[in-house]
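Everything below concerns the one structure shown next.
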Amino acid sequence: MNPAATEEKIRLDKWLWAARFFKTRSMASQAVSGGHVHVNGSRVKPARVVSVGDILQIRRGLVEFEVTVLQLSGHRGPAVKAQALYEETGESIKRRERDAMERSLQRPADSMPDRRPDKRERRKIRKFLRQE
């Protein structure tokens with residue numbers, strides 16, 4: 001079998017795993033089935049064949065990527081090689097940075113106490129919890 005011929009047909013879930021968007025191929029498959037990955041604006045199935053030039057919208061938790069497929073690979077390699085498989089659009093990078101900044105600003109500033117409770121305060125906490 002010609003190696004070039006096998007490189008032309010790569011499943012979407014396998015490519016997402018090789019490009020390190022998901023830790024396992026199973027997670028990639030679940031994300032595609034769940035509608036978190038779109039190819040050229042369409043919802044697809046995990047077995048969809050990816051080709052060079054396809055535009056993928058990938059949502060992973062709160063983070064959303066928009067990438068263009070540059071190369072095909074079915075093998076998971078080093079991160080440097082994985083990053084060469086795709087190119088993220090400039091608009092996507094700006095949107096991710098803006099969203100990250102908004103999330104960091106929404107966190108409460110003093111969510112952690114300055115110190116641990118001392119012995120007297122711990123007793124009061126235990127007493128309060130027992131009353132409920």
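Read-outs: derived from the displayed coordinates by stated rules, not from any lab. Keep in mind that what you see is a predicted model, and the values were worked out from it rather than measured. Backbone-built Cβ (ideal geometry, glycine too); neighbour counts: all protein chains shown.
A simple charge model with +1 on the Cβ of Lys and Arg, -1 on the Cβ of Asp and Glu and nothing else charged puts the dipole of the range 3-105 at about 440 debye relative to its Cα centre. Test of understanding: in a Gaussian network model of the chain with alpha carbons linked when under 10 Å, which of Ala19, Ala31, Ala100 would top the mean-square fluctuation ranking? Comparing Ala19, Ala31, Ala100 in the GNM, the peak value goes to Ala100.
Our coupling estimate for the range 115-123, obtained by passing each phi through the Karplus curve with A = 6.51, B = -1.76, C = 1.60 and θ = phi - 60°, is 8, 6, x, 7, 4, 5, 5, 5, 4 Hz, Gly and Pro reported as x.
Using 0.36 nm per residue, how much length does the chain from Glu91 to Asn40 gain when fully extended, once their Cα-Cα distance is taken away?
Between Glu91 and Asn40, full extension yields 16.8 nm more.
Seen from Val63, the other residues with C-beta closer than 14 Å to its C-beta sum to a net charge of +2, counting Lys and Arg as +1 and Asp and Glu as -1. For the residues Pro108, Pro46, Pro78, a GNM of the chain with alpha-carbon springs under 10 Å puts the largest fluctuation on Pro108. Dipole of the range 3-105 computed with +1 at Lys/Arg Cβ and -1 at Asp/Glu Cβ about the Cα centre; of Met27, Leu70, Gln83, farthest Cα towards the positive end is Met27. Any idea how far the Cα center of the range 5-53 sits from the one of the range 55-87, in Å? So the two Cα centres are separated by 10 Å. Extending 7 Å from the Cα toward the beta-carbon at both Phe128 and Lys23 defines two label points whose distance is 3.6 nm. Subtracting the Cα-Cα distance of Ala47 and Ala84 from their residue separation scaled by 0.36 nm leaves 11.1 nm.
Once Rg/Rh (Cα atoms, Kirkwood Rh) is worked out from the coordinates, which option in (i) 1.26; (ii) 0.93; (iii) 0.99 does it equal? Evaluating Rg/Rh (Cα atoms, Kirkwood Rh) on these atoms matches (i).
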